[in-house]
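Notes for the one structure printed next.
FYI, it's all coordinate maths here, none of it is from the lab. Since we're looking at a predicted model, the values are computed, not measured. Here the Cβ positions follow ideal geometry from the backbone for every residue, glycine too, while neighbour counts run over all protein chains shown.
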Amino acid sequence: MEIKEIGEFAFVDRLTKPFTSSIAQGIGDDAAVIEIGGKSVVLSKDLLLEGIDFDLTYTPLRHLGYRSVVKGISDIAAMNVLPKYIMIAIGISARFKVEDIEELYDGVKIACDEYELELIGGDTSASLTGLTISVTAVGEGEKEDICTRKGAKVTDIVCVTGDLGAAYLGTKLLEREKHVLRGDSDLKPKFDGFEYQLERALKPRCRTDLIRHMKSISLHPTSMIDLSDGLASDLKQLCKASACSANIYLDKLPITETTYDLAKELGSDATIAAMNGGDDYEMLFTVSINDYDKIIGINGVSVIGHITDKQYDTVLISPDGAEIEITAPGHNVS
Ligand code: ADP
Ligand code: MG
């Protein structure tokens, strides 16, 4: 059987079915939660493979180091906890020099300084198949801080941080200009006006600022997931875990003006990029309707819809009232 026939999520379910869990939160959320000494310790692991998760033609190693850390710690933040420690394992093929991997680690250091993380270990090996990076991230919080994908309730408000689709379209632009960057063409790459989308593609942020801010105003989200696969897929994951559905309003999706411009330039669609693009690393979360005033007071958070009963479909509603069912097969093994 081909993995793509059943999709990533069903594949992981199949593999992990024989294993039982004794911990507070086992397989199935953004990170695992273990209770130790009255505290919750949160752990996640990510794998980045050359040619699959990154392309070194247009990804500077420093950015790759930074992005690998962000990808790792974003799953800790998605549990409503601040990340604290990381471990990094790298597989290095013969073409990389000491200075190259030092450059990668410069990016790791920048992320460690910015997010107040400690690098506490890892592993190093030779690789026959290109550069491989695995990041383990650890955070620690109070038991009552933990927020899983499971707690969304009917009438809860659906919120998202930042803006969507920029990372995906930024990557598409880099792909288009790849032959120029490789030196196969005398033309200059055309990136003017789309610096923001390039930055989102190469150097995404982790929204630890939201986690800090919500704690400071005693706002506890009812459920949360980080946007790594795209709004459609991650919303469906959240709804599945919470046994509910959602209405999302098309005109509420936060998409930056220049992201629309870039979509046009690439013959693409900004809404589709926002729904299915992925790699935004923004937070998708739900809060009780009673917290509406608190949530609209947070800068950079958009209310995009609300939770509905599971008997309904999860839909995207256009301004004229037309409903499109949101589907997400989750076929990408990433
Ligand atoms: P995310 O996109 O938030 O990183 P994933 O979809 O990769 O989450 O993973 C969902 C859940 O499945 C997590 O709990 C993760 O730890 C678990 N998981 C993913 N791959 C494996 C695997 N090969 N073996 C065991 N658990 C896995
Ligand atoms: Mg996640």
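Under 23 Å Cα-Cα from Lys84, which lysines qualify once same-chain neighbours fewer than 8 residues away are excluded?
Within the straight-line limit of under 23 Å, Lys84 reaches these lysines: Lys39, Lys45, Lys71, Lys109, Lys143, Lys203, Lys215.
Return Lys172, Lys190 ranked ascending by Cβ neighbour count within 10 Å, so the fewest neighbours appear first.
Ordered from fewest to most neighbouring Cβ atoms within 10 Å, Lys172, Lys190 come out as Lys190, Lys172.
Would you calculate a helix-derived [θ] at 222 nm for the chain, using -39,500 (n - 2.57) for each DSSP H run of n ≥ 4 and dividing by the full residue count, to the nearest 500?
So the helix-based figure for the chain works out to -10000 deg cm²/dmol.
How would you order 210-217, 22-29 from highest to lowest mean count of nearby Cβ atoms within 10 Å?
In decreasing order of mean packing, 210-217, 22-29 become 210-217, 22-29.
Distance between the C-alpha centers of segment 55-88 and segment 204-281? Whole Å please.
One Cα centre to the other: 18 Å.
What does the charge dipole of the chain about its Cα centre add up to, to the nearest 20 debye, if the Cβ of each Lys and Arg holds +1 and the Cβ of each Asp and Glu holds -1?
So the dipole magnitude of the chain works out to roughly 500 debye.
Considering only segment 43-180, what is the antiparallel percent among its DSSP beta bridges, to the nearest 5?
The answer is about 60 percent antiparallel.
Pairs Lys153/Lys252; Lys178/Lys264; Lys172/Lys240; Lys97/Lys188: which are spaced more than 26 Å apart, C-alpha to C-alpha? Please report the intermediate quantities before stating the final value.
Numbers: Lys153/Lys252 20 Å; Lys178/Lys264 19 Å; Lys172/Lys240 30 Å; Lys97/Lys188 28 Å.
Result: Lys172/Lys240; Lys97/Lys188 exceed 26 Å.
When ranked by the protection proxy of mean other Cβ atoms within 10 Å per residue, highest first, what sequence do the peptides 64-77, 102-115, 315-328, 135-148 form?
Peptide ranking by packing, descending: 64-77, 135-148, 102-115, 315-328.
Fewest Cβ neighbours within 10 Å first, please rank Lys45, Lys236 accordingly. List each step's numbers first, then the result.
Values: Lys45 14, Lys236 21.
Least crowded to most crowded, the residues run Lys45, Lys236.
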